[in-house]
Amino acid sequence: MNPTQSLASAPGVSLNGLSAPGPSVNGLSVNGLSGPSAVLESEHRELTDAFESFVRRELAPLAAELAESADQPPADLRAYVRKRSAALGFYAGDYPEELGGSGMPFAAVVQLHHAAGRSGCPLAPYALAGSDGPSPLLRHGTPEQIERHLVPLVRGERTRCLALTEPQAGSDAFRLTTTAVRDGDGWLLNGRKTFVSNADRADLALVVAATDLGDGSGPTAGATAFVLPMDHPGLRIGQRYEGMSGEPLFELTLDRLYAPAAAVIGGEEGVGAATGLAMDSLSRGRLVVAAMCNGIAEYALRLGVEYARERRAFGQPIGDYQHVQEHLVRTRAEVEAAKLLTLACARLVDDGTEAPENAALAKLTSSETAVRAVDRSLQVHGATGWVRGHPLEYLYRYVRMTTIIEGTSEVQKVIVARAMGLG
């Protein structure tokens, strides 16, 4: 499916005359706001234009109807956005067309997540596959698992959650106490998972457990990943936590859960191989987070520049003061650097290089940049940006989690340091 063609035929949406937000010259838009870097202007421009048009024409009006007090859109609205985006070819764009994707390069997916972040539309992130979307099933699932589970995920018809983190293990994710003991042709799972996002809405759970072959040696065969329906006997949603940005997280308990052999991701070859499967998919997940962070940082910068030009103090716009300029110019420099680093790493993925340290460096740089960008823009706004309901007030709470998810900043530093021969 070609997203630009499908969007062009969608009711009320036209690609004729579309362009990036604000004309730009050498990467700086003529109205003075931050525009796409010059190096990004031509690459996948038609695709990102089409996605931005979809956000403006269809998602922004829906977002305008949301209650100001709600941090998270209703579940039925998120489901609609996901399915609508999948129908247009955006949602899981880098997946093969025969599975319902668009077969686009990963660099294009990164550009779309960037565009979603900088749009400022709270529904835009749900139009692209994230923690609830497609998974390592593509690269490691059996043909039956791909057909039964992955195809509906790619088409936006179902969602998933990942049950990896445990109460006593966060960054050290594979220090597992949840066990999978061989039981005849299947497995018996017992344990508890925590901080599972999307668990209340998911149709499937990807569960990782320490493998016990049932030979008396204990869980010594590595970790194994299972794909299980959320209504599977023995799988139960436990305690609910509220995140700073309103995103709920959950505990999952596995009590003598019997999983058939067909539930092991990758079949018999997947037994004990979950650590390798996870590392194989981390690079792309971290680059997606980096791209979204870059978009959020660019959006925060735009808000700061607009306010600095309009707000007056002591007889002149506050943007005339050097301390305000320092906040915004430094952010501009950091954002441009982070965008280029993320794109370069995405291009390497398309070329067949998925070195973990590349994605770690991009995720570290972009997430830390986004936190600083939002903080500086809020400082420029003063009390106006601090008030509940202002976009920056929400972003200030939301963006903080980006230095934690997909591996904390400290974990990313360890990965990069080891690649440098340190530690």
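The values are calculated or read from the model by the stated rules, or taken from the named source; none is laboratory data. Worth saying up front: this structure is predicted, and the values here are computed from it rather than measured. Here the Cβ positions follow ideal geometry from the backbone for every residue, glycine too, while neighbour counts run over all protein chains shown. What goes into the accessible areas is simple: the full protein's heavy atoms, side chains included, and nothing from ligands, DNA or RNA. Shrake-Rupley method; radii C 1.70, N 1.55, O 1.52, S 1.80 Å.
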query: Spin-label point model (7 Å from Cα, Cβ direction): what's the residue 397 to residue 269 distance in nm?
result: 4.6
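Determine, for each peptide in 369-375, 398-404, the mean count of other beta carbons within 10 angstrom over its residues, then list the peptides with the highest first.
So the order, starting with the most tightly packed, is 369-375, 398-404.
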- prompt: Over the chain, what percent of the accessible surface lies on carbon and sulfur atoms, probe 1.4 Å?
  reply: 54
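Given just the C-alpha atoms of region 320-423, how large is their convex hull per residue in cubic angstrom?
That works out to 117 Å³ per residue.
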message: Skipping prolines and chain starts, which residues have an amide H placed within reach, meaning under 5 Å, of the one on residue 252, given they are 5 or more residues away or on another chain?
response: 193, 194, 238
message: For the pair residue 76/residue 311, report the inter-label distance in nm, with labels modelled 7 Å from Cα in the Cβ direction.
response: 4.0
- request: In square nanometres and to one decimal, what's the mean projected area of the convex hull around the Cα atoms of region 152-238?
  value: 6.4
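Taking a probe of 1.4 Å, how large is the accessible area per residue of region 360-423, in Å²?
About 50 Å² of surface per residue is accessible.
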task: Give the Cα extents of region 252-408 along the principal axes, in whole Å, largest first.
output: 73, 40, 17
field: Set of lysines with alpha-carbon distance to residue 83 below 29 Å, sequence-local pairs under 8 removed
entry: 193, 339, 363
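I'd like to check one number: the per residue accessible area of region 45-95, probe 1.4 Å, reported in Å² as a whole number. The partial results should precede the final answer.
Details: 2140 Å² over 51 residues.
Ligands and nucleic acids excluded, the result is 42 Å² per residue.
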task: Express in nm, to one decimal, how much length is gained between residue 157 and residue 320 on full extension, taking 0.36 nm for each residue of separation and deducting their alpha carbon distance.
output: 53.6 nm
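If we sort 261-270, 91-100 on the protection proxy, mean other Cβ atoms within 10 Å, highest first, what's the order? Spell out each step's value before the answer.
Numbers: 261-270: 17.8, 91-100: 20.0.
Ranking, from highest mean packing down: 91-100, 261-270.
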- line: Here the tail fraction of P(r) beyond 28 Å, over all Cα-Cα pairs of the chain, rounds in percent to 50
message: How many angstrom lie between the Cα centre of region 360-423 and the Cα centre of region 53-117?
response: 23
- line: HN-Hα couplings for region 122-135 via Karplus (6.51, -1.76, 1.60; θ = phi - 60°), in whole Hz with x for Gly/Pro, come out as x, 8, 4, x, 6, 7, 10, 5, x, 5, 9, x, x, 8
Solvent-accessible surface (1.4 angstrom probe) belonging to residue 149, in square angstrom, nearest 10: 10
- line: Mean projected area (nm²) from the convex hull of Cα positions in region 276-369 is 6.2
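For region 249-326, report the accessible area per residue in Å² (1.4 Å probe, heavy atoms, rounded to an integer).
For region 249-326, the per-residue accessible area is 46 Å².
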query: If you average 1/r over every pair of different alpha-carbon atoms in region 203-288 and take one over that average, what Kirkwood value in Å do you get?
result: 14.6
field: Alpha-carbon radius of gyration plus Dmax, which is the widest Cα pair, for region 154-300 in Å
entry: 16.1, 56
- request: Step through the residues of region 342-358 one at a time and calculate ³J(HN,Hα) from phi using the Karplus curve (6.51 cos²θ - 1.76 cosθ + 1.60, θ = phi - 60°), rounding each to whole Hz and writing x for Gly and Pro.
  value: 5, 5, 4, 5, 5, 5, 5, 4, 5, 8, x, 10, 10, 5, x, 5, 5
message: I'd like to compare 294-307, 340-353, 54-67: which one has the highest average count of other Cβ atoms within 10 Å, and what's the full order after that?
response: 294-307, 340-353, 54-67
